[in-house]
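Trainee: Sharing a structure with you now.
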Amino acid sequence: MDRRGFVTSGMAAGLVGASGSAGTLAALLERTPGIGPGRRLPSGEIRLSSNENPLGISAAAKEALLGALVDANRYPTAYRGPLIDGLAQYLGVKPTNITLGFGSTEILQVATHAFQGPNVPLVIAEPTFEDINDYQDTAPFEVIAIPLTADLQHDVGRMREAASRRPSVVYFCNPNNPTGTITSSRDIDNWIADAPATTTFVMDEAYLEYVTDDSFWPSLKWIEQKPNVIVVRTFSKIFGMAGLRLGYAVSHPNTAARLDEFTVQNSPNVLAGAAGLASLTDNGVVSRGVAVNEESKAIVHTTLDELGLEYLPTNTNFLMHRINGELGTYIGRMREAGLLVGRPFPPMLEWNRLSFGLPNEMDQWASALKDFRKKGWV
Ligand SMILES: Cc1ncc(COP(=O)(O)O)c(C=O)c1O
């Protein structure tokens, strides 16, 4: 994909399954007995605003979770070791490389506490995922926010310059939330290779499995030689476990031990521990999640192309698109149509972030948007 011309239209032509989505999904679910879509919200609204996995947890995870209920009265010690071992095997690393968190957001908080200080700023992109910035609120730490480049990559050159003056924590969200765009791994690697040990890199790869752009590759290869690289991953996205709260860091054993000192005791809970381990052994879970995501993405692309609304290329389970109007009004109107979408991501206030639900949910979104067009709202 040509990332230089980042604003896209007409992309749907090359994508599969843009129509007839219900049939394709049904066929997919039939091929994979035991998997079923997650439930709607009790309110009946369709949530397309939090980058969740609409398929719900895998059948294997559900079974493991139900089996673990009998241990809900026990502290979760027996679940922690097997999960760490299973994760290490899954990733091809050592158990000592892993730090578990209450979602990957705990890891972001822990990295802040473990490596920042009054003279150690956080260097981030703008806009990017907000959590690590939010964790600065209780500490008088400096945040240096560098706007994304014109083609919506992290501005590696400017971030590097900002971090070069003193020890710093640098946050890379790759693919980036909320834009869904990729920053060239080569550019990041060049910096990591030369950076002093006092520059700590927090590499958030929450959407790794959805990536299609080959200018991205994972940062795991650095962890043994570079104790200043922390790779952050989550079970919330492709594994559909956002409600169970399980994430982790992969880093050098010394770094992992340091991070561990700042995590909460007795984590994860027994249900998250059991479901997490089982998810890793469910071979189809990643390909199934990616296939449904591609199908939903194609519906979104087709709809936006039809309406001539610009959108950004995405390597995730969401995308940003133009709304030709005021964001708050647009979100409110979508809510009235039963669809929860977006939130403000300054400075991109002319864009909405849309999370991909099930294909039939995206069909509902598409008809709502077409109706908006008829009314002259988009
Ligand atoms: C880039 C990124 N990192 C981390 C998270 C937090 O995920 P978790 O549920 O693991 O805390 C999210 C959630 O949306 C995210 O987009």
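Trainee: So what are the three principal axis dimensions of the stretch 238-296 from its Cα atoms, in whole Å, longest to shortest?
Mentor: Largest first, the stretch 238-296 extends 42, 25, 20 Å along its Cα principal axes.
Trainee: Using only the alpha-carbon atoms of the stretch 104-230, report the extent along each of the three principal axes, biggest first, to the nearest angstrom.
Mentor: 38, 29, 27
Trainee: Given a Förster distance of 30 angstrom, what is the FRET efficiency for Arg335 paired with Arg186, based on the Cβ-Cβ distance and rounded to 0.05? Don't jump to the answer; show the numbers that get you there.
Mentor: Numbers: r = 42 Å, r/R0 = 1.39.
Efficiency at R0 = 30 Å is approximately 0.10.
Trainee: Please list 253-262, 351-360, 205-214 highest first by mean number of surrounding beta-carbon atoms within 10 Å per residue.
Mentor: Details: 253-262: 16.8, 351-360: 24.4, 205-214: 19.0.
Output ranking for 253-262, 351-360, 205-214: 351-360, 205-214, 253-262.
Trainee: Quick one: which of 323-334, 110-121 comes out on top by average Cβ neighbours within 10 Å, and what's the full order, highest first? Before the final figure, lay out the partial values.
Mentor: On the way: 323-334: 16.8, 110-121: 18.9.
Going from most to least packed, we get 110-121, 323-334.
Trainee: When the label point is put 7 Å from the Cα of Asn324 along its Cα-to-beta-carbon vector, which residues of the stretch 336-355 have a backbone N closer than 17 Å?
Mentor: Within reach of a label on Asn324: 350-352.
Trainee: Using the reciprocal of the averaged 1/r over all distinct C-alpha pairs, how large is the Kirkwood radius of the stretch 273-378 in Å?
Mentor: Numbers: mean 1/r = 0.0673 Å⁻¹.
Answer for the stretch 273-378: a Kirkwood hydrodynamic radius of 14.9 Å.
Trainee: In deg cm²/dmol and to the nearest 500, what is the mean residue ellipticity at 222 nm of the chain if only DSSP H runs of at least 4 residues count, each as -39500 (n - 2.57), divided by the residue total?
Mentor: Theoretical 222 nm ellipticity from helices: -11500 deg cm²/dmol.
Trainee: Can you give the convex hull volume per residue for the Cα atoms of the stretch 135-181, as a whole number of Å³? Before the final figure, lay out the partial values.
Mentor: Working: hull volume 3.9 nm³, N = 47.
Roughly 84 Å³ of hull volume per residue.
Trainee: Quick check for me: using +1 on Lys/Arg Cβ and -1 on Asp/Glu Cβ, what's the dipole size of the stretch 62-281 about its Cα centre, in debye to the nearest 20? Can you show the working numbers first?
Mentor: Values: 15 positive and 24 negative charges, 110 e Å.
Dipole of the stretch 62-281, to the nearest 20 debye: 520 debye.
Trainee: Further question on the same structure: List the equivalent ellipsoid semi-axes of the chain in whole Å, largest first, each obtained as the square root of 5λ for an eigenvalue λ of the Cα gyration tensor.
Mentor: Working: eigenvalues 212, 151, 65 Å².
Rounded to whole Å, the semi-axes are 33, 27, 18.
Trainee: Right, here's the next one. In units of 2.2 N^0.38 Å, what is the alpha-carbon radius of gyration of the stretch 62-281? Let's see the in-between values first.
Mentor: Numbers: Rg = 17.1 Å, N = 220, 2.2 N^0.38 = 17.1 Å.
Relative to the 2.2 N^0.38 Å estimate, the stretch 62-281 comes out at 1.00.
Trainee: Counting only C-alpha contacts under 8 Å and six or more residues apart, can you give the relative contact order of the chain as a whole percent? Mind dumping the intermediate values first?
Mentor: Numbers: 724 pairs, mean separation 101.2, N = 378.
Relative contact order, the chain: 27 percent.
Trainee: What is the distance, in nm, between label points placed 7 Å from the Cα along the Cα-to-Cβ direction at Val143 and at Leu41?
Mentor: Here the modelled spin labels are 2.5 nm apart.
Trainee: Follow-up question, since we're still on this one. Counting residues in the stretch 310-370 as N, plug N into 2.2 N^0.38 Å and put the Cα Rg over that result. Before the final figure, lay out each step's value.
Mentor: Working: Rg = 11.1 Å, N = 61, 2.2 N^0.38 = 10.5 Å.
Rounded to two decimals, the normalised Rg is 1.05.
Any read-out appearing in this document is the output of simple, stated calculations on the displayed coordinates, not a laboratory observation. All figures in this text were calculated on a predicted structure; none of them were measured in a lab. Note that each Cβ is placed from the backbone with ideal geometry, even for glycine, and that neighbours are counted across all protein chains shown.
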